[in-house]
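The values are calculated or read from the model by the stated rules, or taken from the named source; none is laboratory data. Remember, it's a predicted structure, so these values are computed and weren't measured experimentally. Cβ: placed from backbone, ideal geometry, glycine included. Neighbour counts: every protein chain shown.
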Amino acid sequence: MTEFELTDYDFIELNKLMKLLGLVGTGGEANQRIINEEVKVNDAIEIQKRKKLRPGDKVTFAGHTILIK
């Protein structure tokens, strides 16, 4: 499990997190993967590309798990 610590912000958008961590090559790819129901947030499929992730949220994608701190 990877931990991602929010600093200076209250949240990060799901598609931006995926791109920032290098889970996808582009923001467009992140959006497509989300639309294709390949991403889970807190163990539920997430289709909101700009879902606001806050401390305590857990993202699962392609064998990776990220905990927002």
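Counting just the residues of the range 15-44 that are in a loop (DSSP other than H, G, I, E, B) and of a type in the set (Asp, Glu), which one comes out surrounded by the fewest Cβ atoms within 10 Å (Cβ to Cβ)?
Asp43
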Would the range 11-33 turn up any residue that is on the phi > 0 side of the Ramachandran plot and small (Gly, Ala, Ser)? yes
Return only the number of the condition from (1) surrounded by fewer than 18 Cβ atoms within 10 Å (Cβ to Cβ); (2) out of contact with any Ser or Thr (no Cβ under 6 Å at 6 or more places or on another chain); (3) at pLDDT 95 or above that Val59 does not satisfy. (1)
Condition first: outside any strand (DSSP E or B), at pLDDT 95 or above and out of contact with any helix residue (DSSP H, G or I) (no Cβ under 8 Å at 6 or more places or on another chain). Now tell me which residues in the range 1-14 satisfy that. Glu5, Leu6, Asp10, Phe11
